[in-house]
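Asks: Input: one structure, supplied below.
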Amino acid sequence: MSDLIDDPAPGENAPEFSVSDLSGVIKRVIEGEFSHVRVKGEVGRVSRPRSGHIYMDLKDDRSVLAGVIWKGVAGRLAVQPEEGMEVVATGRLTTFPGQSRYQIVIEDIKPAGMGALMAMLEARRKALAGEGLFAPERKKPLPYLPEVIGVVTSPSGAVIRDILHRLRDRFPRKVLIWPVAVQGEKCAPEVTRAIQGFNAMTPGGALPRPDLLIVARGGGSIEDLWGFNEESVVRAAAASEIPLISAVGHETDTTLIDFASDKRAPTPTAAAELAVPVRLDLLAWLDGQEGRLLQALKGQVTARQQRLRDLSRALPRGDALLEGPRQRLDGMADKLPGALRASIQVRQVKLSEKAGALRPGMLRERVRNRRDGFASLAARMNTRTLQRDINQKRADFDRITGRLSNVGVRQIGIWRDRLAAQDRLRETLGYKATLARGYAVVRGDGALVTTKDAAQAASALEIEFADGKLSVGGGDAAASPPQSGGPEPKPKPAPKAKKSPPEQGSLF
């Protein structure tokens with residue numbers, strides 16, 4: 001030190017120092033005496049310039065100590081200093097000659113006890129909640145059955161094994177793992193990059209984008225879980241477009257990512273249970289729904305069948321519908337011959353009356369009178385005028401004849417259509433159509449046979465089919481075969497064939 005001190009002037013005992021020399025001496029003395037110190041105090045002003053260093057003040061109720069944290073150390077800190085936090089800073093004292101002040105170069109900083117850490121955590125929670133990051137309306141519903149699940153956790157811990165095992169037991173899904181550090185200074189930036197990286201994936205790309213994210217870590221102290229309380233992690237979770245489940249720590253552990261996530265799980269295993277349903281329960285539910293659907297269909301079919309049977313009982317029988325038209329048809333058929341004979345007789349009488357009036361002498365007289373009248377008219381009529389009138393009348397007659405012909409053709413067509421419809425109705429109501437479906441009409445002794453006893457009592461049977469009639473023997477001879485061992489019964493004489501009434505011809 002004596003090399004830096006100038007010799008004293010004559011008559012003076014105190015040596016003279018330059019400003020730089022004195023500042024250097026003080027710096028070496030302070031750094032030598034306080035090369036490693038631990039200081040407890042409250043964090044005051046905090047400044048973070050773009051260089052990455054942190055400038056801050058440590059204070060108590062009477063003094064203030066300036067501090068600096070270099071960029072390399074600031075990136076490794078587990079807890080970032082914030083204003084108002086009570087901390088214990090470890091470092092060395094040095095001076096800053098440019099401003100004639102001393103300061104502490106901090107190499108490590110920790111909260112001064114659990115209370116200070118919790119107070120800082122509560123202050124950060126209130127600040128983020130004030131920005132609306134924890135609002136319920138921001139939270140997204142979880143997909144019922146995601147195809148791909150992204151997991152942000154340590155690849156070597158028991159957490160990922162528990163999640164995969166639980167997913168395999170409940171409902172196997174595709175899982176993408178983004179390995180991160182789950183404690184220490186690398187935890188917060190890696191978790192932030194993982195959440196942002198999953199959201200940056202392109203849907204339908206070569207690497208599928210997850211439908212659900214799980215951020216998981218096992219239990220630990222508040223210092224171990226502090227990375228999930230960092231502001232960058234909380235903001236990344238709140239900004240995630242993919243629904244996110246936080247499963248950090250055990251059930252009693254609470255971190256700020258739990259408030260920003262869409263769903264909080266008490267444990268990583270519970271997060272896997274929230275992510276997918278139980279496959280067997282889903283299959284059982286589907287079986288139950290199928291059974292209910294089949295039962296409902298059977299009930300509907302049964303009700304419709306009963307309704308159809310009720311309606312069918314209310315409908316009249318086919319025979320009842322045909323009885324009236326059949327009787328009317330038979331009555332008309334009976335009246336038709338007499339009506340034809342009466343009509344012919346009336347016309348014969350009229351013809352006789354007309355023929356009596358046409359005697360030869362009277363006829364010649366009437367012809368002579370008409371000829372004389374025609375001659376007088378011809379003499380009075382002009383031939384040209386008559387020809388013009390004749391042409392006019394002929395044209396009028398042709399026009400009227402054409403109109404009448406058209407009307408007649410249309411009327412005949414209408415009558416023909418009606419007649420065809422009536423004929424189809426007759427064919428439908430008649431029994432001929434029934435015979436074409438395999439039925440037959442049985443007559444015995446000229447009468448309709450509808451029972452077995454009537455058939456046995458008839459001496460001869462006539463069966464009418466769709467293509468013709470067939471005559472067979474009486475019912476008694478065919479009904480009871482001869483008994484073995486007894487006298488053979490005498491054959492009955494063949495009944496005289498009765499003349500069948502003439503069939504009614506078609507009216508059409």
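Asks: Quick check on the stretch 294-331: of everything there that is within 29 Å of Arg426 (Cβ to Cβ) and among the small types (Gly, Ala, Ser), which residue is surrounded by the fewest Cβ atoms within 10 Å (Cβ to Cβ)?
Replies: The extreme case among them is Ala314.
Asks: Is it true that Glu42 is acidic (Asp, Glu), surrounded by fewer than 16 Cβ atoms within 10 Å (Cβ to Cβ) and not in a loop (DSSP other than H, G, I, E, B)?
Replies: No.
Asks: Identify the residue in the stretch 259-275 that is more than 13 Å from Gly218 (Cβ to Cβ) and buried (at least 22 other Cβ atoms within 10 Å of the Cβ) and, among all such residues, is farthest from the chain's Cα centre (by Cα).
Replies: The qualifying residue farthest from the chain's Cα centre (by Cα) is Ala260.
Asks: Can we say Ala236 is buried (at least 22 other Cβ atoms within 10 Å of the Cβ), small (Gly, Ala, Ser) and touching a residue at least 60 places away in the same chain (Cβ under 8 Å)?
Replies: Judged against the criteria, Ala236 is not a match.
Asks: A follow-up question, please. Out of the helices (runs of 4 or more DSSP H) lying entirely within the stretch 249-357, which hold 2 or more residues that are touching a strand residue (DSSP E or B) at 6+ places or on another chain (Cβ under 7 Å) and at pLDDT 90 or above?
Replies: So the answer is 256-260, 268-275.
Asks: Residues that are touching a residue at least 12 places away in the same chain (Cβ under 8 Å) and acidic (Asp, Glu): does the stretch 126-146 have at least one?
Replies: No, there is no match, as no residue in the stretch 126-146 is touching a residue at least 12 places away in the same chain (Cβ under 8 Å) and acidic (Asp, Glu).
Asks: Can I ask one more? Please enumerate the residues belonging to the stretch 227-247 that are touching a Gly at 6+ places or on another chain (Cβ under 9 Å) and over 17 Å from Lys139 (Cα atoms).
Replies: Of everything in the stretch 227-247, those that are touching a Gly at 6+ places or on another chain (Cβ under 9 Å) and over 17 Å from Lys139 (Cα atoms) turn out to be Gly227, Phe228.
Asks: Test Glu131 against the criterion of being over 19 Å from Gly67 (Cβ atoms), surrounded by fewer than 16 Cβ atoms within 10 Å (Cβ to Cβ) and touching an Asp or Glu at 6+ places or on another chain (Cβ under 7 Å), and give yes or no.
Replies: no
Asks: Is one or more of the residues making up the stretch 199-212 more than 41 Å from the chain's Cα centre (by Cα) and either among the hydrophobic types (A, V, I, L, M, F, W, C) or surrounded by 15 or more Cβ atoms within 10 Å (Cβ to Cβ) (or both)?
Replies: no
Asks: Further question: Please note which strands (runs of 3 or more DSSP E) are completely contained in the stretch 438-508 and include at least 1 residues that are among the basic types (Lys, Arg) and at pLDDT 50 or above.
Replies: Per the criteria, 441-444, 468-473.
Asks: Next question, about the same structure. Among the residues of the stretch 20-32, how many are loosely packed, with under 11 Cβ neighbours inside 10 Å and without any contact (Cβ under 8 Å) to a residue 12 or more places away in the chain?
Replies: The qualifying residues number 1.
Asks: Restricting to the stretch 91-120, what's the tally of residues that are at pLDDT 80 or above, surrounded by fewer than 18 Cβ atoms within 10 Å (Cβ to Cβ) and either of a type in the set (A, V, I, L, M) or not in a strand (DSSP E or B) (or both)?
Replies: 1
The values are calculated or read from the model by the stated rules, or taken from the named source; none is laboratory data. Just so it is clear, the structure is predicted and the values come from calculations on it, not from any experiment. Backbone-built Cβ (ideal geometry, glycine too); neighbour counts: all protein chains shown.
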